[in-house]
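The values are calculated or read from the model by the stated rules, or taken from the named source; none is laboratory data. Worth saying up front: this structure is predicted, and the values here are computed from it rather than measured. Every residue, glycine as well, gets a Cβ built from its backbone with ideal geometry; the counts of neighbours run over all protein chains shown.
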Amino acid sequence: MITVKGVQFSYGNQPKINIPDIELNRGDELLVLGKSGSGKTTFLNILAGLLAPQLGEILIDGVSLYKLKGHKLDEFRGSNIGIIFQKPHLLSPLTVAENIALPYFFAKKASANKVLFYLEELGILDKQHAPIQTLSEGEAQRVSIARALVNEPKIILADEPTASLDDENAELVVNLLKRQAKKLHASLIIVTHDHRIKNHIDRRIIINPSGL
């Protein structure tokens with residue numbers, strides 16, 4: 001499902017980010033660890049098709065990600081990759097349900113509308129018409145997770161999903177992501193510096209800039 005080969009990236013004169021070669025099948029889980037500023041989010045953005053590497057190749061389900069350009073890359077990402085950002089990036093003029101439905105505009109994918117299904121699955125069905133400003137931090141995070149899952153992607157990428165959570169809620173979120181990935185038979189990659197997650201995912205890699 002995911003192949004990372006010979007990928008290199010650096011920002012200007014900054015140290016090169018060391019990105020290991022990776023092979024993941026559908027249903028596999030991977031934890032990407034590293035200190036703040038080590039390049040973990042950069043790695044996630046490369047996997048998501050948001051940031052092209054200077055060298056190397058990313059294959060998603062046999063498709064070379066960065067050989068796709070413009071709207072074709074957007075459509076492929078929308079159909080195959082669900083991204084949970086560290087900050088939810090929800091649009092305040094839209095309701096909860098409208099925010100979750102956004103991926104339908106970016107993917108030409110024949111699938112049933114799953115907005116209400118994931119609202120109920122994540123315990124926020126009663127918030128479907130709520131303005132974004134009225135949500136708690138935990139509710140906003142669940143909306144972000146629902147938006148990432150609504151197109152039932154083959155890959156789920158989560159950037160620091162537990163960074164601002166206490167132990168109990170951190171465990172709830174990780175278990176939620178694992179459970180949803182299992183239901184979709186999707187590959188799950190969690191990028192974090194939170195070592196509490198280590199107990200939940202066995203396979204892991206460490207990202208460091210070169211020289212560190």
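The residues on offer are Gly62, Gly138, and the sole one that is of a type in the set (Gly, Ala, Ser) and at pLDDT below 90 is Gly138. Residues considered: Ala181, Ala163. Of these, the only one that is among the small types (Gly, Ala, Ser), farther than 28 Å from Pro15 by Cβ, touching a residue at least 12 places away in the same chain (Cβ under 8 Å) and surrounded by 12 or more Cβ atoms within 10 Å (Cβ to Cβ) is Ala181.
Residue check: Ile197 meets all listed conditions (1) in contact with a strand residue (DSSP E or B) (Cβ under 8 Å, 6 or more places away or on another chain); (2) outside any helix (DSSP H, G or I) but one, namely (2). One residue alone among Lys183, Lys178 is assigned to a helix (DSSP H, G or I), of a type in the set (Lys, Arg) and under 13 Å from the mean Cα position of the chain (by Cα), and that residue is Lys178.
Within region 138-160, the presence of at least one residue that is more than 23 Å from Tyr104 (Cα to Cα), in contact with a helix residue (DSSP H, G or I) (Cβ under 9 Å, 6 or more places away or on another chain) and crowded, with 18+ Cβ neighbours inside 10 Å is confirmed. Just one of the listed residues (Ala158, Ala170) is of a type in the set (Gly, Ala, Ser) and either free of Cβ contacts under 8 Å to residues at least 12 places away in the same chain or more than 18 Å from Leu47 (Cβ to Cβ) (or both), and it is Ala170. Name the single residue that is surrounded by the fewest Cβ atoms within 10 Å (Cβ to Cβ) among those in region 19-50 being not aliphatic (A, V, I, L, M) and not in a loop (DSSP other than H, G, I, E, B). Here the answer is Glu23.
Listed by position, the strands (runs of 3 or more DSSP E) contained in region 51-162 that have at least 3 residues being of a type in the set (Ser, Thr, Tyr) form an empty set.
Note on region 66-92: residues that are over 16 Å from the mean Cα position of the chain (by Cα) and free of Cβ contacts under 8 Å to residues at least 24 places away in the same chain total 7. Would you check if there is a residue in region 85-105 being farther than 17 Å from Ile145 by Cα, of a type outside the set (Asp, Glu) and in contact with a Phe, Trp or Tyr (Cβ under 7 Å, 6 or more places away or on another chain)? The answer is no; no qualifying residue exists. When the residues of region 113-136 are filtered to those that are within 23 Å of the chain's Cα centre (by Cα) and of a type in the set (Asp, Glu), which remaining residue is surrounded by the fewest Cβ atoms within 10 Å (Cβ to Cβ)? Of everything passing the filter in region 113-136, Glu120 is surrounded by the fewest Cβ atoms within 10 Å (Cβ to Cβ).
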